[in-house]
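Structure, as structure tokens:
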Amino acid sequence: MSSVFLPVRIEFGIGSSTRIGSEFDSLKCKRVMIVTDKGVIQSGLLENMTQSLADSHIQFAIYDRVLPDPNIACVEQAKEFYFSEQCDGILAVGGGSSIDTAKAAGVLVTNSEPIMSYTGIDQIKNQLPPLITVPTTCGTGSEVTNVTVVTDENHFKKPIISSYIIPKVAILDPNLLLSLPPHLVASTGMDALTHAIEALTNNIQNWYGDSCALEAIRLIGKSLRPAAANGNITDLGRMLYASTLAGIAFTVSRLGLVHAMSHPVSGFAGIPHGVANAVLLPYVMSFNLVGNPHAYALAANALGISPQENEMAAAVEGVKEVIKLNHQLGIPKSFKALGVNEELIPGMIEDTFKSGNVAINPRRVSISDVEQIYKKSFSGD
Ligand code: NAD
């Protein structure tokens, strides 16, 4: 059995974001809340879009107080802003933090309970207001996914999953990534790679998700290094497309242990999502290989590893390739190098097992397995 439900139109192309006004016009919106952060504004990424809205006689109000790993206060504030500005649609412009804030604020606009009452799967009752997403990083895939992640008062990052959260339109404009600094191309690109590898290798088999994941891995293997090194538009465009494909892959095929373990690292220690995933990815892959050598061999081949004598040999080469990629991109191999306190590990282990991604991991996981993986990723051994 394989099921796919992804009701989002995807527009890809250089300059595509300059048509945002006509997109909202087709949705019959008159006044749009733009959800973004200060970094995006300072990079000048809104200018063409606000001009396009004005040209289409669509008013807008900008909510620019998005913070990394958006929390309850941030999404409630965005909802209040929507009502006080009398908006009738939402435009999210930015990375996953801006898009997730927009999605969660949208949930609160049409659903009356506190945001945390909607955590888990299919708890939302009503459709969100019209939402268009314009990603400016190349990692989360949130522009097309059915999930928003909100950090609670105990620093737990909690997913809210529902097909109502899937945006109406995602506009992928490679121009908007030209200002992304190399370290953010690197870390968000590794986030996309993690999504694709976990979706491909976990216990959920979905032909559509697996195809998207494989193509995403292939594009990332080819373009992440040059995109980070040179910032050329062709490779940035491939990375943007790859991160959306990886988002589609994990919407239909879900994730695995890297995400179960990385959310606590971001929630407790403030390590950016892409960096936390990138550091954990090779350690979790090494642990998981025996659970699905076939899929890990496919991932390795898509990353550019030539055929080996058997699947396990290819899978092992795939882990080495990910380690090399992290190194070449300047991503540290341990959380110790990032200054994270090892005393956080017990709380992180507890949080890991609250994630639905543990049950679908390709290899069964015990508390002591997670402890060992955290210890390795902290020390770098
Ligand atoms: P982010 O949105 O936190 O942005 C990181 C920084 O990049 C910000 O300072 C921002 O100003 C800056 N920035 C963004 N685009 C820029 C550009 N083009 N030029 C210059 N600066 C730019 O980073 P992210 O990694 O995209 O998002 C991480 C968040 O996404 C986490 O909260 C994570 O949980 C969430 N996430 C959500 C999903 C989902 O499907 N909903 C999936 C994965 C991750």
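The values are calculated or read from the model by the stated rules, or taken from the named source; none is laboratory data. Just so we're clear, the structure is a prediction, and the values are computed from it rather than from any experiment. Backbone-built Cβ (ideal geometry, glycine too); neighbour counts: all protein chains shown. Each accessible area value is taken on the protein alone, full model and side chains, heavy atoms only, with ligands, DNA and RNA left out. Shrake-Rupley method; radii C 1.70, N 1.55, O 1.52, S 1.80 Å.
Applying a 10 Å radius around every beta-carbon, put 269-278, 156-165 in order of their mean neighbour count, most first.
Working: 269-278: 24.2, 156-165: 20.6.
By packing density, highest mean first, the sequence is 269-278, 156-165.
Compute the acute angle (0 to 90°) between the alpha-carbon long axis of helix 293-302 and the principal axis of greatest extent of the alpha-carbon atoms of the chain; round to the nearest 10°.
Result, in degrees: 60.
Explain nothing, just the number: relative contact order of the chain, from Cα pairs under 8 Å at least 6 residues apart, as a whole percent. It would help to have the intermediate numbers written out before the result.
Working: 820 pairs, mean separation 57.0, N = 381.
Once divided by the residue count of the chain, the mean separation gives 15 percent.
In Å and from the alpha-carbon atoms only, list the Rg and Dmax of the chain.
19.7, 64
Keeping every protein chain in place, order Arg19, Arg225, Arg218 by accessible area at 1.4 Å, biggest value first, i.e. largest first. Working shown, then result.
Details: Arg19 125, Arg225 70, Arg218 100 Å².
Ranked list, largest accessible area first: Arg19, Arg218, Arg225.
Got a number for carbon plus sulfur as a percent of the chain's accessible area, 1.4 Å probe?
53 percent
Give the long-range amide H neighbours of Asn71: residues separated by 5 or more places, or on another chain, with amide H under 5 Å away, using H modelled in the peptide plane at 1.01 Å from N.
So Asn71 has HN proximity to Thr151.
Would you give the gap between the C-alpha center of the stretch 160-206 and the C-alpha center of the stretch 81-113, rounded to a whole Å?
Result: 20 Å between the Cα centres.
With everything on Cα atoms, drop me the angle between helix 233-253 and the longest principal axis of the chain, reported from 0 to 90° to the nearest 10.
In the chain, helix 233-253 runs at an angle near 80 degrees to the longest axis.
May I ask you to give the solvent-accessible area per residue for the chain, in square angstrom, as obtained with a 1.4 angstrom probe?
The answer is 40 Å² per residue.
What is the total of Lys pairs in the stretch 9-177 with C-alpha atoms under 26 Å apart, excluding same-chain pairs fewer than 8 positions apart?
Within the stretch 9-177, the lysine pair count is 28.
Could you give the distance between the Cα centres of the stretch 1-61 and the stretch 349-381, to the whole Å?
38 Å
Using a cut-off of 20 Å between alpha-carbon atoms, which aspartates and glutamates can reach Lys375, once sequence neighbours fewer than 8 places away in the same chain are excluded?
Answer for Lys375, where 20 Å is the Cα cut-off: Glu342, Glu343, Glu350, Asp351, listed by chain and number.
Between 0 and 90 degrees, rounded to the nearest ten: what's the tilt of helix 311-329 against the longest Cα principal axis of the chain?
60 degrees
Given the rule -39500 (n - 2.57) for each run of at least 4 DSSP H residues, summed and divided by the residues of the chain, what is its mean residue ellipticity at 222 nm, to the nearest 500 deg cm²/dmol?
Estimated from H runs of four or more residues: -16500 deg cm²/dmol.
Which cross-chain or sequence-distant (5 or more) residues have an amide H under 5 Å from the amide H of Val66, H modelled 1.01 Å from N in plane?
Amide H neighbours of Val66, under 5 Å, 5+ apart: Thr36, Lys38.
Sticking with the crude label model, points 7 Å out along Cα→Cβ, report the distance from Ala229 to Asp55 in nm, one decimal please.
3.7 nm
Can you order the peptides 248-258, 103-113 by their average number of other Cβ atoms within 10 Å per residue, highest first?
Working: 248-258: 27.1, 103-113: 21.6.
So the peptides 248-258, 103-113, ranked by packing, come out 248-258, 103-113.
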